[in-house]
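Notes follow the structure.
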Amino acid sequence: MQKKILIVEDEESLLKLESILLTTKGYLVQGATTGLAALEAIASETPDLILLDIMLPELDGFEVCKQIKKNPQTRHIPIIFLSAKKTPEDLARSKEVGGDQYITKPFKSARVMEAIEKLLERN
């Protein structure tokens with residue numbers, strides 16, 4: 001059974017790159033470019049894992065994560081933050097809202113794949 005991954009990224013080129021990477025690894029990939037679109041996508045089809053950018057239009061990644069973790073139907077979904085933000089405050093906030101992992105951009109795809117595989121094994 002293919003695992004579904006939702007990529008929430010407002011930068012089109014990065015979204016395409018991540019989608020290609022995950023598709024070639026055998027994952028079903030869905031993309032969203034805004035926080036609200038991400039929440040709508042999750043409501044219509046629950047993913048097995050979410051790659052979440054922080055700086056997004058409408059709702060930022062922290063708020064999206066908070067809403068996902070607040071909902072009993074979606075709180076089990078592992079969330080990996082992928083962000084250019086590197087401050088200790090951002091890292092602390094990602095844990096506070098329930099993020100499972102935090103990877104800073106630019107990232108190595110091998111590191112992201114490793115994090116995804118580890119989190120999907122747990123579920």
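Rule-based calculations on the coordinates, nothing more; no lab input. Predicted, not measured: the structure shown is a model, and the values here were computed from it. Methodologically, a virtual Cβ is constructed for each residue, glycine included, from the backbone with ideal geometry; neighbour enumeration extends over all protein chains shown.
Go through region 13-101 and name the GluC sites (Glu not before Pro) that are in a DSSP coil and have 15 or fewer other Cβ atoms within 10 Å of their Cβ. Loop-located and lightly packed - Glu45, Glu58. Under 26 Å of direct C-alpha separation, and excluding same-chain neighbours fewer than eight residues apart, Lys70 reaches these lysines: Lys3, Lys4, Lys85, Lys86, Lys95, Lys118.
Checking every one of the chymotrypsin sites (Phe, Trp or Tyr not before Pro) in region 44-105 against DSSP loop status and a limit of 13 other Cβ atoms within 10 Å picks out no site at all. Rounded to whole Å, the principal axis extents of the Cα atoms in the chain read 34, 32, 27, largest first. Taking 7 Å steps out from each Cα toward its Cβ at Glu63 and Leu14 produces label points 1.8 nm apart.
Would you mind checking region 87-117 for residues with the amide N under 18 Å from a putative spin-label position 7 Å along Cα→C-beta of Leu21? Taking a point 7 Å out along Cα→Cβ of Leu21, the residues of region 87-117 whose backbone N falls under 18 Å are 100-117. A simple count of charges around Ala115, restricted to other residues whose Cβ falls under 14 Å of its Cβ and scoring Lys, Arg +1 and Asp, Glu -1, yields +1. The value of relative contact order for region 15-60, using C-alpha pairs under 8 Å at least six residues apart, is 35 percent.
Across the chain, where is the longest run that never hits trypsin sites (Lys or Arg not before Pro) in a DSSP loop with at most 12 other C-beta atoms within 10 Å? That gives 1-74 as the longest site-free run.
Just want to confirm a number: the relative contact order over the chain, from Cα pairs under 8 angstrom separated by 6+ residues, in percent.
RCO, the chain: 21 percent.
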